[in-house]
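Colleague: This structure is in structure tokens; I'll ask about it shortly.
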Amino acid sequence: SMKKFPFTLILFALILQLNAQKKNESFRINIRKTNLPIKIDGIADDEAWEGTDVAKDFFMVTPMDTDKATDKSEIRMTYDDTNIYLIATFYNSVPGSYFVESLRRDFSFNKNDNFLLFLDPFNNQTTGFTFGSNAAGAQWDGTMFAGGSVDLNWDSKWISEVTQDEEKWIFEMALPFKSIRYEDGVKEWGINFSRLHLASSEKSSWTPIPRQFPTASLAYTGVLVWDEAPPTPRFNFSLIPYALGQTTYDLDGNTDYETKVGGDVKISLSSSLNLDLTINPDFSQVEVDRQVTNLDRFELFFPERRQFFLENADLFANFGYESIRPFFSRRIGLGIPINAGLRLSGNLGEKWRLGVMDIQTAKNEETGLPSQNFGVISLQRQVFSRSTIGLLFVNKQSTNYPQDNDSLRTIYPKFNRNLGLEYNLASPDNLWNGKAFLLKSFTPDKQGNGITQAANIEYKSRKWNWGIKEEYVDSTYTAEVGFVPRKGYFNFNTFVGHLFFPKSGPVVSHGPVGILNYYFDENFRETDHQNILQYLINFRNRSSISLEGLNEYVQLLAPFDPTGTGKDSLATGTKHRWNAFRFEYNSRPQSMFTYSGSGRYGGYYEEGTRISLTGELGYRFQPYVSLSSNISYNNIRLPVPWNTTEFWLIGSEVDITFTNKLFFATLFQYNEQSKNFNLNSRLQWRYKPASDLFLVYTNNELLAPFEGRVWSITLKLTYWFNK
């Protein structure tokens, strides 16, 4: 029956697609061309705004989606041969100042009074662009994928201004046509507008959206109707060179000076397809990873932060599940230089999307690591109203070995390849979502020629949320450029949740969630499970509480140190059972002082006990300074030889935004478990749109009994030349 599950999912998907009518087709706003000048100053006094259509009468989405928004919002749009123009006015009936976190670009959605525009130029309800601002003028922009997910790592050239008084705030923007991708000759785009008003705890939308979905959900967009087709896109070429100088110093007194140049080239091959080239890329300005307490038996996932790999990343990185990724870009170029790379990505017409990536890394004479080429091809076809079928091919090829011998070819195989096919289900009303995929790996010795298959389906209405998932990963499946921390198992997971909605009082919703998660080996013998009973409470002021009980069982598949500190390991095959209790609380984001806390108390391996406490505090002097700190404490009590083990993880961050173009951030982290201290400080000046000057200081130190310290300071300049 497990093998039939993916086919059952696809059959069910066909039935769900019978009603493919766009939900908010009747919400239409006309945009007409103007020949009058518009000054982007946040003041609605330009003659060009007279006579434009007005998008108003917004619908409330949260706390409840049964009424119109309390406060009035008005959106107007027009365009000329170069830009799309938008002006938005947001009235404020609740006295007091606006809530903003900082002036930093791509702010946290839930912590700011904000306005967001969602554009679907292909009207396919799956991909698009988002732009917006908070009430202090910090910009937001990103690409959209998978029907409502947003990638904020994408930056483009556009301008905006915000003005405000006690009664209202006004946002005005000019978006160049060449900054986005769209199909030539199309006169209807998908569009929606979203507002978050924290004083009234209301999120609202121009079109009606069920509260369980984000306002970014492209299934619920209205229609932007052009009086004539937007201008035919012209050739667009951008050159973004960089130059840097860096000084590095280690504990042994060695000092290293380095200068480096390189850059990126962006070329618009068509109105919807973009080619990106990078030569000798540098990522020294990228934030360091957030340290975590590691008590997991398998490899931990750390997100990609390097810009080149992030734009249109969904075409490559979203194939599979979080725990089964055939492509994971952090396998490329960490600890070894990248010589060059290219990425071709975008839309091929209304239904097709293409992604091609090729990266060449250098060799390392000391370790024997050869030069390696990483190639990825992703092709995606939209089917029915919003679902997609995807094909992925990943190739890692080793060339130019420093020494040509068999041992190096064993350590660094000649190649590793993955081929995958995936179906993504998204119903027209977004209530049903799911996925089914099949992966096959190829290696030179055929010992890594395994398969993986998985499928899931989820239903999400206002009151009910349930889903079921199965996975199978062959013990011989090999993805050297992927993230597959566990192999040789079957997994079955199911959950069901229900929400109750009180008619009045401080609680907006509450309800239980039950989760069953079981693992079996390839002979269908159970190896571990986790059963969870959870209760969620959401308050009208946007704070929340979660309470849950856990029942866990583990049969170890390999030796494991339960403290993660290098002490003795439990033996393979030993069995462990325990129960535990967890809680989490998040305060209301409107407060200047915010806080959250979570904890765990209960059993652990070898009849032991584990106590974990985590807290996070934040304070902001809006809109310029945001302070935050987090602290984590673990106390593990086990029999001899482990006895009692306790360790702390402490982090603190200072984020100063002098203006919406000048930023300073410092992150300090101390991890007692891994005996590591690090400091990362970064000053960024965006002196022109998409052009930056960075000054970065890093200090990483290993504490006793380990030894090692490296600090560096980097000055980096980038400039965006546009043609």
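Colleague: Go through Ser591, Ser596 for me and flag whichever is assigned to a loop (DSSP other than H, G, I, E, B) and at negative phi.
Modeller: Ser591
Colleague: Condition first: farther than 26 Å from Gln307 by Cα and either free of Cβ contacts under 8 Å to residues at least 60 places away in the same chain or in contact with a helix residue (DSSP H, G or I) (Cβ under 9 Å, 6 or more places away or on another chain) (or both). Now tell me which residues in the range 229-255 satisfy that.
Modeller: Passing the criteria: Ala229, Pro230, Pro231, Thr232, Asp252, Gly253, Asn254, Thr255.
Colleague: State which residue pairs qualify: first residue among the basic types (Lys, Arg) and inside the range 615-640, second residue not in a strand (DSSP E or B) in any location, beta carbons under 8 Å apart, and separation of 6 or more residues or different chains.
Modeller: Listed pairs, sorted by first residue: Arg620/Glu101; Arg620/Ser102; Arg620/Met592; Arg637/Asn643.
Colleague: Please specify each residue of the range 596-624 satisfying the condition of being under 25 Å from Phe664 (Cβ atoms), of a type outside the set (Lys, Arg) and buried (at least 16 other Cβ atoms within 10 Å of the Cβ).
Modeller: Ser596, Glu616, Leu617, Gly618, Gln622, Pro623
Colleague: Continuing with this model, one more query. For the range 336-382, which residues satisfy the criterion of being surrounded by fewer than 17 Cβ atoms within 10 Å (Cβ to Cβ), at pLDDT below 90 and assigned to a strand (DSSP E or B)?
Modeller: Answer for the range 336-382, where residues must be surrounded by fewer than 17 Cβ atoms within 10 Å (Cβ to Cβ), at pLDDT below 90 and assigned to a strand (DSSP E or B): Leu348, Asn364.
Colleague: For the range 272-311, how many residues meet the condition of being touching a Leu at 6+ places or on another chain (Cβ under 8 Å), of a type in the set (Asp, Glu) and over 30 Å from Gln530 (Cα atoms)?
Modeller: 3
Colleague: Taking the conditions exactly as written (over 26 Å from Trp226 (Cβ atoms) and among the acidic types (Asp, Glu)), does Glu161 satisfy them or not?
Modeller: no
Colleague: Related question: Scan (1) surrounded by 15 or more Cβ atoms within 10 Å (Cβ to Cβ); (2) farther than 26 Å from Glu526 by Cβ for the single condition Glu646 breaks and write down its number.
Modeller: (1)
Colleague: Might you let me know whether the range 402-409 holds any residue that is in contact with a strand residue (DSSP E or B) (Cβ under 6 Å, 6 or more places away or on another chain) and hydrophobic (A, V, I, L, M, F, W, C)?
Modeller: Scanning the range 402-409 turns up no residue that is in contact with a strand residue (DSSP E or B) (Cβ under 6 Å, 6 or more places away or on another chain) and hydrophobic (A, V, I, L, M, F, W, C).
Colleague: Please find, within the range 688-712, the residue that is modelled with the highest pLDDT out of those that are among the aromatic types (Phe, Trp, Tyr) and more than 27 Å from the chain's Cα centre (by Cα).
Modeller: The selected residue is Trp711.
Colleague: For the range 689-703, does any single residue satisfy the condition of being closer than 30 Å to Ile636 by Cβ and surrounded by fewer than 16 Cβ atoms within 10 Å (Cβ to Cβ)?
Modeller: Yes: the range 689-703 contains one or more residues that are closer than 30 Å to Ile636 by Cβ and surrounded by fewer than 16 Cβ atoms within 10 Å (Cβ to Cβ).
Colleague: Given the residues Asn405, Asn456, Asn449, which is the only one that is buried (at least 18 other Cβ atoms within 10 Å of the Cβ) and not aliphatic (A, V, I, L, M)?
Modeller: Going through Asn405, Asn456, Asn449 in turn, just one is buried (at least 18 other Cβ atoms within 10 Å of the Cβ) and not aliphatic (A, V, I, L, M): Asn456.
Colleague: Here's something else I'd like to know. How many of the residues making up the range 307-335 are of a type outside the set (A, V, I, L, M, F, W, C), modelled with pLDDT under 85 and over 21 Å from Leu425 (Cα atoms)?
Modeller: Counting residues in the range 307-335 that are of a type outside the set (A, V, I, L, M, F, W, C), modelled with pLDDT under 85 and over 21 Å from Leu425 (Cα atoms) gives 3.
The values are calculated or read from the model by the stated rules, or taken from the named source; none is laboratory data. For clarity, every value in this text was computed on a predicted model and none was experimentally measured. FYI the Cβ positions are ideal-geometry reconstructions off the backbone, even for glycines, and counts take in every protein chain you see.
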